[in-house]
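Shown next, in structure tokens, is the structure this report addresses.
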Amino acid sequence: MKLQNAIIPPMFRALTEPFFKKNFWRFVLLITIPLLLFGKVQSFEFVNWDDDRYVYENTTIRSFSAENWKTWLTQPYVSLYVPVPLLTYAVDYSFAGQDPAGYHRTSLLFHLLNTLLVFLLLRRFFGNSVTTWLAALLFSVHPVQAETVAWISERKTLLFSFFALAGLLTLTNRSAEPSGKTLFQTALLWLLAFLSKATAVVLPLLSASYDFFYSRPISRAKTIFHALLTAAAVLCFFTTILLYPQILHLFTGADQSAVAPPFSNFFVYLRHYLFPVKLAPMYDLLTGWQKTASVVGTAFLFLLWIRAIQGRKIWGFWLSWFLLALLPAASFLPVPVGDRHLYFASIGLLGCLLCVSQALPKLSLGIFILGILYSVFATPLQLETWRNNDQLWNRVPLTDVKRSLIFIQKAESEIARGNFSAAEKLYHFAIEERFNELPAILSLANLYFKTGELQSAENLIKKIQKKNPKHKAIPILRSGLALAQNQYDDAIRYGLEAGSMLPKPPAVLDRYMGLAYLKKSNYAEALNHLQRALLNGDTSSDLRFHTAMALMGLQHWDDALNELTRLKQAQETPYGLYFQMGYASLKAGQIDKAKKAYEKSTLVNPMLSEAHDHLGLLAMSEKNWPAAEQHFLKALEIDPSSAIYQKHLKSLPQLKPEVKES
């Protein structure tokens, strides 16, 4: 038994005890019921709200290369530091590729694991009762959980909750003071929570709240534990503050008024959980009497919390859980209201209801049963919101504050289908709603550049200029139009003008500038702008390819080869990828790799004469005269007028030993 306890972590040790055998069917139902409700998410598609940036357009998850590991661990993604979620996406990609079903299965698996952890944790505090089991079941099937489980981009919430709950289950052994080993295990689990989602900054406060309300002694080891975790939380907090403004670019114009005001929405979240009707992916700000009621309700919650502190009431810990878990989303950070923020916070509400059940058992039992019955009918309907792009954006209330954003997202869905005319109309609707903002205008212009409708782009510029001659989009659009017209000096000039007008230029401007400088062979400036575009969220394969071209222009062969190799590993193959890989490999001294890349380029494009010519030169270096002659002849067959190919072919007889003897 001692050996068993040494091997099995405390959070899972309950599964080996007689308790598990006695409650086998409860565990089965805790898995089966949510699985039946949420199982249909396996047929859902990706949505174009962050899924593109996290998954199906994210080249960094398509291999476990050292470069990708470095990216996950050292760079923010979608303006957040989330290395653990990115790692799980990479695992999903290795098995499922671009099939969303695999990603949905993983998210569902973590939701089921979290349900079991919630049951074990509540059982530790409230005993092994039917009410405790019902509370865990309600956590699992509640309609507000649909967003977190069905939205692939919310994997970070599932992972944070998993590691946070596992750490709490390890830490909260009420029969004994946690040992150094237990504290180390908890710290390790919570470190993984920090690396999953920034909300983990509240965990040291939650641990301190547990010690206070349950009157736990504070040992020297625990003091060190709290100090180290607090330091990590502070670091995570300030890192998030520095990164977070970038993630709000969708809301700075098209949806600014949908951003939650500071310290006013705790009661809104409480209402969404207790009365889960008209749930939506986005919510408007409350106005009038609704806002007043929210402020009063939030004040009442905090007064209750203060009273719990004064009396050191047990329910104060669970109210603290609810308030602390929502603190990053409902305090001073301008975070839009979303059901996903209730996933971890709802456990605190369940704990409060279980405290009530100790005084009013029948009432609490009835509340849990009614909540579960309602959820069984409401949750499948709420899940349908996340089935595909059409369902998602059609279910967002088309109110004034969101109208422009919804039009943009719907337009992107039409582009994915190849329906450019419908996308154009939607972009025009979005521009009419928010004329002074950039997203819709730049998106429409890029659509015109992509489809070669340069006259339409020119007409768009004239329309904007007529309405507002000083509109900040005008020089950006002129830079993009000049680039499309191969007028690279004008593209740079307009780009510099736009950069002087904007404190933080959009990624698309750096793209225009980078490509223009690349065409002008100013590789240092090109690299500077292209890398800035990458950091600002433009991770498209063609931008990475041009970044590699800039590196090659600077003769940074190894860096260029690494960038091209990443594109290959990500199964992104822009035109000329294998040829450029061959050239970069050749310059980096990797002859075998160069030869393989050139051979691959001739398979992808048999009419690429340069690849045959370079293969001929490589064959000459190996004194493989027949192969060299074959490649030079093939290059001349494709391009008979090339003097270089003719020169290379004529040089062969001078090098052949048999020719010299004759």
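Data for the structure
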{"read-out": "Residue within the stretch 538-548 that is part of a helix (DSSP H, G or I) and open to solvent by 50 Å² or more (accessible area, probe 1.4 Å) present", "value": "yes"}
{"read-out": "Members of the stretch 451-463 that are in contact (Cβ under 8 Å) with a residue 24 or more places away in the chain and closer than 22 Å to PRO505 by Cβ", "value": "ALA457"}
{"read-out": "Residue under evaluation TYR517, criteria (1) more than 21 Å from PHE545 (Cα to Cα); (2) open to solvent by less than 60 Å² (accessible area, probe 1.4 Å), criterion not met", "value": "(1)"}
{"read-out": "Pick from the stretch 350-399, criterion of a type in the set (S, T, N, Q) and part of a loop (DSSP other than H, G, I, E, B), ranking: farthest from LEU37 (Cα to Cα)", "value": "THR399"}
{"read-out": "Helices (runs of 4 or more DSSP H) within the stretch 106-200 that include 3 or more residues open to solvent by 10 Å² or more (accessible area, probe 1.4 Å) and over 19 Å from VAL84 (Cα atoms)", "value": "130-141, 180-194"}
{"read-out": "Meets criteria (closer than 14 Å to LYS463 by Cβ and surrounded by fewer than 20 Cβ atoms within 10 Å (Cβ to Cβ)) for PHE429", "value": "no"}
{"read-out": "Selected residue (only one of HIS648, HIS612 is closer than 20 Å to GLN580 by Cα, modelled with pLDDT of 80 or more and buried (at least 18 other Cβ atoms within 10 Å of the Cβ))", "value": "HIS612"}
{"read-out": "Qualifying residue in the stretch 489-511 (condition: farther than 22 Å from LEU444 by Cβ, outside any helix (DSSP H, G or I) and modelled with pLDDT of 90 or more)", "value": "no"}
{"read-out": "Residue within the stretch 191-207 that is aromatic (Phe, Trp, Tyr) and either modelled with pLDDT of 80 or more or more than 30 Å from ARG340 (Cβ to Cβ) (or both) present", "value": "yes"}
{"read-out": "Qualifying residue in the stretch 579-589 (condition: of a type in the set (Phe, Trp, Tyr) and closer than 26 Å to THR547 by Cβ)", "value": "yes"}
{"read-out": "Neighbours by Cβ (under 8 Å, 6+ apart or cross-chain): first from the stretch 44-71, within 13 Å of PRO100 (Cβ to Cβ); second basic (Lys, Arg)", "value": "PHE44/ARG387; GLU45/ARG387; TYR54/ARG155"}
{"read-out": "The stretch 560-576 - residue that is out of contact with any helix residue (DSSP H, G or I) (no Cβ under 6 Å at 6 or more places or on another chain) and assigned to a helix (DSSP H, G or I) and, of those, modelled with the highest pLDDT", "value": "THR565"}
{"read-out": "Output for the stretch 86-100, where each listed residue is within 17 Å of the chain's Cα centre (by Cα) and not acidic (Asp, Glu)", "value": "LEU86, LEU87, THR88, TYR89, ALA90, VAL91, TYR93, GLY97, GLN98, PRO100"}
{"read-out": "Hits in the stretch 579-624 - residues which are among the small types (Gly, Ala, Ser) and outside any helix (DSSP H, G or I)", "value": "ALA588, GLY589"}
{"read-out": "Test: residue in the stretch 311-326 that is surrounded by fewer than 22 Cβ atoms within 10 Å (Cβ to Cβ) and free of Cβ contacts under 8 Å to residues at least 40 places away in the same chain", "value": "yes"}
{"read-out": "Neighbours by Cβ (under 6 Å, 6+ apart or cross-chain): first from the stretch 420-446, under 21 Å from PRO506 (Cα atoms); second assigned to a helix (DSSP H, G or I) and of a type in the set (Phe, Trp, Tyr)", "value": "ALA430/PHE407; ALA440/TYR427; SER443/TYR427; LEU444/TYR427"}
{"read-out": "Residue count for the stretch 37-52, restricted to those that are touching an Asp or Glu at 6+ places or on another chain (Cβ under 8 Å) and modelled with pLDDT of 90 or more", "value": "1"}
{"read-out": "Some residue of the stretch 549-559 being modelled with pLDDT of 75 or more, part of a helix (DSSP H, G or I), open to solvent by 70 Å² or more (accessible area, probe 1.4 Å) and in contact with a helix residue (DSSP H, G or I) (Cβ under 9 Å, 6 or more places away or on another chain)", "value": "yes"}
{"read-out": "Unmet criterion (only one of (1) open to solvent by 30 Å² or more (accessible area, probe 1.4 Å); (2) touching a Ser or Thr at 6+ places or on another chain (Cβ under 7 Å); (3) closer than 26 Å to TRP305 by Cα) for SER215", "value": "(2)"}
{"read-out": "One residue from GLU437, GLU412 being open to solvent by 60 Å² or more (accessible area, probe 1.4 Å), at negative phi, in contact with a Ser or Thr (Cβ under 8 Å, 6 or more places away or on another chain) and not hydrophobic (A, V, I, L, M, F, W, C)", "value": "GLU412"}
{"read-out": "Pick from the stretch 517-543, criterion among the small types (Gly, Ala, Ser) and touching an Asp or Glu at 6+ places or on another chain (Cβ under 9 Å), ranking: farthest from VAL78 (Cα to Cα)", "value": "SER541"}
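The values are calculated or read from the model by the stated rules, or taken from the named source; none is laboratory data. Given the structure is predicted, the values throughout are model-derived calculations rather than measurements. FYI the Cβ positions are ideal-geometry reconstructions off the backbone, even for glycines, and counts take in every protein chain you see. Just the protein is used for accessible areas: all its heavy atoms, side chains included, with ligands, DNA and RNA removed. Shrake-Rupley method; radii C 1.70, N 1.55, O 1.52, S 1.80 Å.
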